[in-house]
Amino acid sequence: MASAANACSPSFSAANSSVSKPKALSDFYLRFRNINALSLRSKRVGLPVLSFSRIRSPRISASSPQVMDQSVGEASSKAPTIVEVDLGNRSYPIYIGSGLLDQPELLQRHVHGKRVLVVTNNTVAPLYLDKVVDALTRGNPNVSVDSVILPDGEKYKNMETLMKVFDKAIESRLDRRCTFVALGGGVIGDMCGFAAAAFLRGVNFIQIPTTVMAQVDSSVGGKTGINHPLGKNLIGAFYQPQCVLIDTDTLNTLPDRELASGLAEVIKYGLIRDAGFFEWQEKNMPKLMARDPSAMAYAIKRSCENKAEVVSLDEKESGLRATLNLGHGCRHVIPPWLD
Ligand SMILES: NC(=O)c1ccc[n+]([C@@H]2O[C@H](COP(=O)([O-])OP(=O)(O)OC[C@H]3O[C@@H](n4cnc5c(N)ncnc54)[C@H](O)[C@@H]3O)[C@@H](O)[C@H]2O)c1
């Protein structure tokens, strides 16, 4: 796969230029504590330099209450936290919590019609496919579920793999009232969403993201697509899901490297638009690195609130939404330092 540059590549300029290698993500994070020393610049789309003096207090339009440290604990209870993505008649809920795949009604209320196609990969399927099929069918005998298991990896996010989804949907004679379910990280979410946008000119679509990256970023906002040999994410569509279901328990099986990569996206929201969240992260980064369920649920909720607000203001990335691409650059910088 060609590795084209991100639309918005960040450049960090620190006052102290002798930046040595951090030992961990939290170390990296603390180095950007000096807010006057940091500036972020979009190289390709020509966005203005962002500095912390421009970070405003968050205006959260999501439905869940905006709370700080005291909310840690409440967000991980069985009842899901719900963040609304406000897009008029394409609005949808993001359910966040522990054990949500054991609550079939959450998924089933968003399945229209009787046929479902779960799109996943050969890493995630052995871990969660049975659970998802159970959640879709328990007490719901009229629904039948097919699945397509794709090879795992960014290099398979291409037209050839996408065709496997269409092949399965057509062989299974799915109709326009079917629902596609993306079960996996951002690669699966992007591909399944694009398949849903194109199959029979658009069918229902549900996201069940299972990486931190997908839970805090890629599953929310409706950007879908695949890579082309000449560049990343060049073929795609804006296509919103019916809901996003985030079961934080799925993170228990996530490799450390993927955890760190996803936390870079969490840091992004603090850096670009949510100073209060940034402060919370400073206190709670060790808990996030240790996968503390309550801290993780709160970080996901707060990240989704930020993403939901940006998407509702600029769904098709005509300006503001491009600032969210910052984290995509960070994640390419941080993981090698953690090896
Ligand atoms: N649509 C958007 O708005 C948007 C935003 C950011 C990134 N993206 C896209 O997201 C992709 C990256 O997503 P990613 O970081 O999730 O990578 P990924 O989807 O490749 O997942 C990373 C790895 O983790 C595995 N995995 C997933 N869930 C797991 C679990 N619960 N337990 C164990 N292993 C698990 C996957 O199989 C994979 O090997 C890129 O293709 C990028 O372009 C899209």
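The values are calculated or read from the model by the stated rules, or taken from the named source; none is laboratory data. From a predicted model like this one, the values you see are computed outputs, not experimental measurements. Counting neighbours? That spans all protein chains shown, and the Cβs are built from the backbone with ideal geometry, glycine included. We work out accessible area using only protein heavy atoms, side chains counted, and drop any ligands, DNA or RNA first. Shrake-Rupley method; radii C 1.70, N 1.55, O 1.52, S 1.80 Å.
Label-to-label distance for residue 171 and residue 154 is 3.0 nm, based on points extended 7 Å past Cα in the beta-carbon direction. Scanning residues 5 or more positions from residue 85 or on other chains, those with amide H under 5 Å from its amide H are 92, 94, with H placed 1.01 Å from N in the peptide plane. Residues whose amide H comes within less than 5 Å of that of residue 232, counting only those at least five positions distant or on another chain, are 4 (H built at 1.01 Å from N in the peptide plane). In this structure the amide hydrogen of residue 237, modeled in the peptide plane, comes within under 5 Å of the amide hydrogens of 224, 225, none closer than 5 places in sequence on its chain. Accessible area ranking (1.4 Å probe, heavy atoms, ligands and nucleic acids excluded), largest first, for 168, 307, 155: 155, 168, 307.
Taking the empirical scaling 2.2 N^0.38 Å for compact globular proteins as reference, region 158-206 has a Cα radius of gyration ratio of 1.02.
Backbone geometry of region 235-241 corresponds, through the Karplus equation with coefficients 6.51, -1.76 and 1.60 at θ = phi - 60°, to 3J(HN,Hα) couplings of 10, x, 8, 8, 8, 7, x Hz, x marking Gly and Pro. Counting every alpha-carbon pair across region 233-293, the share separated by more than 20 Å comes to 45%. Across region 192-204, rounded Karplus estimates of 3J(HN,Hα) from the backbone phi angles (6.51 cos²θ - 1.76 cosθ + 1.60, θ = phi - 60°) give 5, x, 5, 4, 5, 5, 9, 5, 6, 6, x, 10, 4 Hz, Gly and Pro being marked x. Taking 1.567 mPa s as the viscosity and 4 °C as the temperature, the Stokes-Einstein diffusion coefficient of region 204-321 based on its alpha-carbon Kirkwood radius rounds to 86 µm²/s.
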